[in-house]
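The values are calculated or read from the model by the stated rules, or taken from the named source; none is laboratory data. Predicted, not measured: the structure shown is a model, and the values here were computed from it. Cβ: placed from backbone, ideal geometry, glycine included. Neighbour counts: every protein chain shown. All accessible areas refer to the heavy atoms of the entire protein, side chains included, with ligands and DNA or RNA removed. Shrake-Rupley method; radii C 1.70, N 1.55, O 1.52, S 1.80 Å.
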Amino acid sequence: MLLKLFSTFCLLIGSSTAQTACNGNAALCSRQYSNVSQIGTHDSAFVGSLPTDNQGVSVADQLNAGIRFLQAQTHSFLGEIMLCHTSCWEEDSGLLTDYLSTIKTFMDANPNEVVTLLLTNQDSIDVSDYGTAMSSAGLDKYAYTPPKQLALSDWPTLQELITANTRLVMFMDYHADTSKVSYILDEFTYFWETPYDVTTPAFPDCSINRPPGSNGDGLMMIVNHFLDLDILGILIPDDSADTTTNAATGTGSIGAQADLCTSLHGVKPHFILVDYFENGDVFTAQNTLNGL
Ligand SMILES: *[C@@H]1O[C@H](CO)[C@@H](O)[C@H](O)[C@H]1NC(C)=O
C-alpha cells in the first residue's frame, strides 16, 4: 500500500515536471519568446548527402532531436508549392503540405513544444496559397497570431504560447501579408539577418545584411552560421567543416560567432541557422546561450 502510494506520488511528480518543461527545460517557460536563443536547421527539407543537401536527417528527426526552428525554401512548380533548392529541377524535396503535416504530427504528440517556421518565398507566391497549405495540413490550428505588431518586450512567454496552444510561430521572408493570412508574419518586421553564403571558416562577421539599411533596433537576430565552399563560383555546403562549425566553442564555432554578435549588438542571437546540425554540439551551444 505504502509502496503503491509512493509510486503514485512519483508518477504525479513525474507528470507535473513534464508539463512544466517548455521546449525541454522548465527554466524556459517564463522566458519571453523574444528572449530565447534557438538553433535552427537551414534548408531543413534538403536532406541527404548531395551538394544540394543541407541536412543529414529527416525533418521529423530534426524535431525529435530537439530542433525547434526550421527554415525552408519554397518554390512554385507545376501549380504546387514545393520544397525545392533554387529550382525544382535541381532538387525537389516534395510538397509543402507534406512538410507541414510532418510538423503537425510532431506538435500533436508534443504539447509543450513551441516550434518556429521560417519559409522563403522567392517566387512571389500569393501568401493565401500558403494559408491553404497550412489548413490542409491542419497546422494552422497551432499558429500564433499576434494581437498587433509586437515590440521585443511584447512577446508572450513560451508558457503562454503553450497554454494557449498557439505554439507555432511562423514567418516568411518576402510577400507575407497578414491581412490575407494573419499568422504568417513578415520576417523583416521582426528580424534582421547576418550575411549568408559565408565562406570564411572563422565566421569573423556579425553585420546586418538584411533588411537593407537596418540598424537592428527592436528586431530579433538571425545568424547564418553555415559554411559554404566556393567551387569556381558555385557555393556548396562545406560538410567537412561541420564538426568545427557546429562546435559549441573554439574558432569558427557557434559559441564564438554568438559571442561576437553579442558583443557587437548587445544582445544574444535569437536564432542560429546551421547545416547538418547532428555534427558538432549545437545543443550545448544553445544551452550556453540560454544560460542553462
Ligand atoms: C535575454 O535577456 C538577457 C537578460 O536581459 C540578455 O542578456 C540576453 O541577451 C537575452 N537573450 C535574447 C536572445 O534576447
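Rounded to the nearest 5, what is the percent of antiparallel bridges among the DSSP beta bridges in the range 28-289? Don't jump to the answer; show the numbers that get you there.
Values: 12 of 41 bridges.
If I count the DSSP bridges inside the range 28-289, around 30 percent turn out antiparallel.
Most tightly packed first, judged by the mean number of other beta-carbon atoms within 10 Å of their residues, the peptides 276-284, 125-133, 197-205 read 276-284, 125-133, 197-205.
Stretching the chain fully between Thr178 and Asn209 yields a gain of 8.7 nm (0.36 nm per residue, less the alpha carbon separation). Applying 1/(1 + (r/R0)^6) with r as the Cβ-Cβ distance of Ala151 and Leu232 and R0 = 51 angstrom yields a FRET efficiency of 0.65. For Thr251 and Ser49, a Förster radius of 30 Å and the Cβ-Cβ distance give a FRET efficiency of 0.70, rounded to the nearest 0.05. For Thr116, neighbours were defined as the other residues whose beta-carbon sits under 13 Å from its Cβ, and their charges (Lys and Arg +1, Asp and Glu -1) total 0. Explain nothing, just the number: relative contact order of the chain, from Cα pairs under 8 Å at least 6 residues apart, as a whole percent. Normalised by residue count, the contact order of the chain is 18 percent.
Structure note, pairs Lys148/Lys180; Lys104/Lys141; Lys104/Lys180: Cα-Cα distances above 20 angstrom occur for Lys104/Lys180.
Within the range 28-289, what whole-number % of the accessible surface is contributed by carbon and sulfur, with the 1.4 Å probe and all protein chains included in the calculation? Intermediate values should be presented prior to the final figure.
Values: 5430 of 10560 Å².
Taking all protein chains in place, the range 28-289 shows 51 percent carbon and sulfur surface.
Write down the accessible area per residue of the range 143-292 in Å², having rolled a 1.4 Å probe over the full set of protein chains. Accessible surface, normalised per residue, equals 44 Å².
Apply the membrane-span-like helix rule to the chain: whole DSSP H runs, Cα extent along the own long axis of at least 18 Å, mean Kyte-Doolittle hydropathy at least -0.5. List the helices found. For the chain, where a helix must reach 18 Å along its axis and average at least -0.5, the hits are 2-20, 96-109.
Sparse packing (at most 10 other Cβ atoms within 10 Å of the Cβ) combined with a DSSP loop state is found for the following trypsin sites (Lys or Arg not before Pro) in the range 114-179: Lys148.
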